[in-house]
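Q: Provided herewith is a single structure, encoded as structure tokens, for subsequent inquiry.
The values are calculated or read from the model by the stated rules, or taken from the named source; none is laboratory data. Model, not experiment: these values are computed from the prediction. Note: ideal-geometry Cβ built from the backbone for every residue, glycine included; neighbour counts use all protein chains shown. The accessibility values were calculated without ligands, DNA or RNA, using every heavy atom of the protein model including side chains. Shrake-Rupley method; radii C 1.70, N 1.55, O 1.52, S 1.80 Å.
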Amino acid sequence: MFSVNAPGFFVLMAVLLLIWYRLPASKRWYAMLSAGIVFYLSLDIPGFFVLLVSALVVWFCARRAGPKAPGNSQLWFGLGLAAALGPLLLLKYYAMMAGTINGLFGFRLWSGSLLQPLGLAYYSLQLTGYLLDVRRGDIEAEPRFARLFCYASFFLSITQGPFNRYHDLMPRLDATPDFDVSRLQYGAMRCAWGYFKKYAIAERAATVVDTAFSRPADMDISQLIFGVVVFAFQLYADFSGYTDIVLGAGEMLGLKLPENFRQPYFASAIGEFWERWHISLSSWLRDYIFEPLAWNGWFARLPVVGRFFTKPPVNISLLLTFLVSGFWHGAAWTYVVWGLLNGAYQVVSGLTRRWRKKTWKRLKVPAKSKAHHVFRVVFVFVFICIGYVFFRAESLGAALNYFACMGARVEFTVFSRYWELGISSRLDLLLLLAGIAALIAVDVLHERGWQIRKKILSSPLPVRWCIYECAIFAFLLMGRFLSEGSFLYARF
């Protein structure tokens, strides 16, 4: 009812805005808590009680798990960790693991689907991060459960992020500024751009992607490559579109949430891509998985394996971190392969850095030349798209079949036989390409430091309204509104 792609979201935001600025800043978190409860109950009543119990146990244990807490703090930390991650491991991954064990060993474990609470993958990691921060002594345990539950149920990011840290979000909630019309305009413009990405790009691209991945044997190599490239922009437009909507809603409330994307397809190295894509998850994995693995020296205590991998320990830590990332994204082996593949990219990139520099030097190609930079950007994008085949395919067999079909028909008919990709007319194809071009153009301007919203709001009123009217016309012309409209990352 109140999901971001439903009319009820506008009602919820309107009511929240009316209440928000009538409350003193120190009391506004009560309104956010109430909005989170209403939002969650409107979408998933059984899942609400999983969230409630998980947050309650984590809150209780965190108060006894700090470094200065009396008694057996390690036991309380373990119980809190089980409460934070247990529902995720049981409810999301049980069916996958039971099915695998049944297939390998012939056991008869029950492998039916279990309850899948809304936002389980997000609030589990957020509660885990809070518990770890308390355990390390980085923050004090929250004495009031209502405040921790406000953090855990934060409705703007509970379904698809961005990930928030307790010590960042709650102080900001306590110090949001008073009402400002320009802030409301800025937020509304960002929300509008997010909806454009979703309905004018992602939803239109979905037809091509679904067709290409459902029957790859009927496609030639150009159509299959086009399908993967379009999926790259579908995923980006869909996920970053949602992020723009919630960050814009946060701006309306005077709340600055962490950025999740920074023109990721302009990355010139694999590591840089992960500094630009799903930034809040990447930073969470870095702080709570990679760095503890890489620098605490526990690999050195292993016999042969430890000595082999810990000189330096970065490579194996990268692989394990991306393995966790793959598992987090979904309960399927395709996500595991996708995660390991991206980890392998990072490892190979690090191992070949010197060789690549020497090669470019021998070829007399300046390291800072535009041609060199463009080549690296395209190179990274190609390898990211290879990983996307596993990310999008229904199974490992389907992913391998997709690659195999690329060599079966070496033809180039993607634009001359566009209807085979589910596109109903040449106009639909042009609108799809125009939407992708608009997305790239905006990213180019952002990459060059342009503040587009600021420039629009500083323009004369006639110019501003002309821009608004053209944007509304483009949205109505290019948008596809008859589909279900669910967000891709909502299933994670």
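Q: Determine, from the Cβ-Cβ distance of Leu75 and Gln451 and an R0 of 51 Å, the FRET efficiency 1/(1 + (r/R0)^6), rounded to the nearest 0.05.
A: After rounding to 0.05, the efficiency reads 0.50.
Q: Mind checking which lysines have their C-alpha under 22 Å from Lys368, skipping anything on the same chain fewer than 8 residues away?
A: Cα-Cα hits under 22 Å: Lys357, Lys358.
Q: With every protein chain left in place, what is the accessible area per residue of the chain in square angstrom, probe 1.4 Å?
A: Normalised by residue count, the accessible surface of the chain is 48 Å².
Q: Put a dot 7 Å past each Cα toward the Cβ at Ala404 and Trp360; how far apart are the dots in nm?
A: The answer from the label model is 3.8 nm.
Q: Among (1) 99, 56, 41; (2) 70, 69, 53; (3) 71, 49, 41, which is the computed Cα extents along the principal axes in Å?
A: Among (1) 99, 56, 41; (2) 70, 69, 53; (3) 71, 49, 41, the one calculated here is (2).
Q: Carbon and sulfur together cover what percent of the accessible area of the chain at a 1.4 Å probe radius?
A: Heavy-atom surface of the chain belonging to carbon and sulfur, 1.4 Å probe: 68 percent.
Q: Could you order Val246, Val410, Val50 so the one with the most accessible surface comes first? Probe is 1.4 Å.
A: Greatest to least solvent exposure: Val410, Val50, Val246.
Q: From the square roots a ≥ b ≥ c of the eigenvalues of the alpha-carbon gyration tensor of segment 228-287, which class results: rounded (a/c under 1.5), prolate (a/b over b/c), or oblate?
A: Oblate is the answer for segment 228-287, as a/c is 1.5 or above yet b/c matches or exceeds a/b.
Q: Taking the Cα centre of segment 121-271 as the origin, how large is its charge dipole in debye, to the nearest 20, when only Lys and Arg (+1) and Asp and Glu (-1) carry charge on their Cβ atoms?
A: 100
Q: When all protein chains stay in place, what accessible area (Å², nearest 10, 1.4 Å probe) is found for Leu125?
A: Accessible area, nearest 10 Å²: 10 Å².
Q: Which number comes out as Rg/Rh for segment 343-399 once both Rg and the Kirkwood Rh are worked out on C-alpha atoms?
A: 1.12
Q: Using the Cα centre as the reference, give the magnitude of the dipole from point charges on the C-beta atoms of the chain (Lys, Arg: +1; Asp, Glu: -1; all else neutral), rounded to the nearest 20 debye.
A: For the chain, the charge dipole is close to 1720 debye.
Q: Starting with the highest mean, order 170-177, 85-92, 329-336 by the number of other Cβ atoms within 10 Å, averaged over the residues of each peptide.
A: 329-336, 85-92, 170-177
Q: My understanding is that a pair violates if its Cα-Cα distance is over 24 Å; which of Lys27/Lys92; Lys370/Lys454; Lys68/Lys92; Lys27/Lys455; Lys256/Lys454 do that in this structure?
A: The answer is Lys27/Lys92; Lys370/Lys454; Lys68/Lys92; Lys27/Lys455.
Q: While we're on this one: With contacts defined as alpha carbon pairs under 8 Å and 6 or more residues apart, what's the relative contact order of the chain in percent?
A: 17
Q: Full extension from Val15 to Phe179: what is 0.36 nm times the residue separation minus their Cα-Cα distance, to one decimal in nm?
A: 57.6 nm
Q: Next question. Top to bottom by accessible area (1.4 Å), largest first, where do Arg353, Arg190 land?
A: The ordering from most to least exposed comes out as Arg353, Arg190.
Q: Could I ask something else about it? How high is the relative contact order of segment 135-258, given as a whole-number percent (alpha carbon pairs under 8 Å, six or more residues apart)?
A: Dividing the mean separation by the residue count of segment 135-258 yields 40 percent.
Q: Follow-up. Counting Lys and Arg as +1 and Asp and Glu as -1, what is the net charge of the other residues whose Cβ lies under 14 Å from the Cβ of Ser26?
A: +4
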